[in-house]
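The values are calculated or read from the model by the stated rules, or taken from the named source; none is laboratory data. Just so it is clear, the structure is predicted and the values come from calculations on it, not from any experiment. Using ideal geometry, Cβ is built from the backbone for each residue, glycine included, and neighbour counts are taken over all protein chains shown.
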Amino acid sequence: MIAPLSFLSPSIQFSEDKLDELILEMKEQNQLTEAGVKIEGPAAAYGLVWEWGNARQTKKGPKTVRGTNPDGERVWLSIQAPHGYIRVSLPLYNAIIKQELAKVRFTNTATGRVSQELEKAAVRAVKRIAKIIQDHAPVDSGELRDDIKIVMPGDPLLSRDSYNPLYLSNEEED
């Protein structure tokens, strides 16, 4: 599972005399800055059952409750995470992304500096988001919490060909 963060349109702060240089730098970069959160290790085999439900379960179990998964389907979910444990904090993730982007200063327009600053913001954001997901993960052996890791910008795992991402979005326009 990967929940990538994509920074497409940052809030920009710059000095007026550097506007042309900044625009040129943004045009030259023309790239998506991504980072993410993944479940890696033994818990990867079951980590999303708490978010999406158990597809094989057909009736109530001793520690399950009927709920809705991110696709809107009615499924059996754990009583530890009846509304999932990842998507319940979506407003926090969005706030973190906005906070980290607000810290980015576009004062140096040297080639590649804008991308470097966005990557730093992405890493700070996913570290904070991973911590929230870990804190909300259902308690089993502790394995799930330990197996929640960040995916750094540029990691091949972020290639669209190598994974099936769980994109989280609040679908609101600012």
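Assorted remarks:
- The single condition among (1) touching an Asp or Glu at 6+ places or on another chain (Cβ under 8 Å); (2) modelled with pLDDT under 85 that I39 does not meet is (2).
Yes/no per residue for (1) closer than 26 Å to V49 by Cβ; (2) within 18 Å of the chain's Cα centre (by Cα); (3) not in a loop (DSSP other than H, G, I, E, B):
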{"site": "L92", "(1), (2), (3)": "yes, yes, yes"}
{"site": "I97", "(1), (2), (3)": "no, yes, yes"}
{"site": "V114", "(1), (2), (3)": "no, no, yes"}
{"site": "K127", "(1), (2), (3)": "yes, yes, yes"}
{"site": "K131", "(1), (2), (3)": "yes, yes, yes"}
{"site": "Q134", "(1), (2), (3)": "yes, yes, yes"}
{"site": "D146", "(1), (2), (3)": "yes, yes, yes"}
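- Every listed requirement among (1) of a type in the set (D, E, K, R); (2) out of contact with any strand residue (DSSP E or B) (no Cβ under 6 Å at 6 or more places or on another chain); (3) at pLDDT below 95 is met by R128 save one, (3).
- Yes/no for L157 being of a type in the set (A, V, I, L, M), at pLDDT 80 or above, within 17 Å of the chain's Cα centre (by Cα) and surrounded by fewer than 17 Cβ atoms within 10 Å (Cβ to Cβ): yes
- Only a single criterion out of (1) under 23 Å from Y46 (Cα atoms); (2) modelled with pLDDT under 90; (3) within 15 Å of the chain's Cα centre (by Cα) is not satisfied by N170, namely (1).
- Extreme residue, surrounded by the most Cβ atoms within 10 Å (Cβ to Cβ), among residues of the range 102-128 that are touching a Leu at 6+ places or on another chain (Cβ under 9 Å) and farther than 30 Å from H83 by Cβ: L118
- Residue in the range 129-151 that is over 15 Å from I86 (Cα atoms) and either surrounded by 22 or more Cβ atoms within 10 Å (Cβ to Cβ) or aliphatic (A, V, I, L, M) (or both) present: yes
- Test: residue in the range 70-80 that is within 19 Å of I39 (Cα to Cα) and modelled with pLDDT of 90 or more: no
- Test: residue in the range 46-54 that is of a type in the set (G, A, S), touching a residue at least 60 places away in the same chain (Cβ under 8 Å), within 11 Å of P138 (Cα to Cα) and in a loop (DSSP other than H, G, I, E, B): yes
- Among (1) under 30 Å from K120 (Cα atoms); (2) free of Cβ contacts under 8 Å to residues at least 12 places away in the same chain, the one test that I96 misses: (2)
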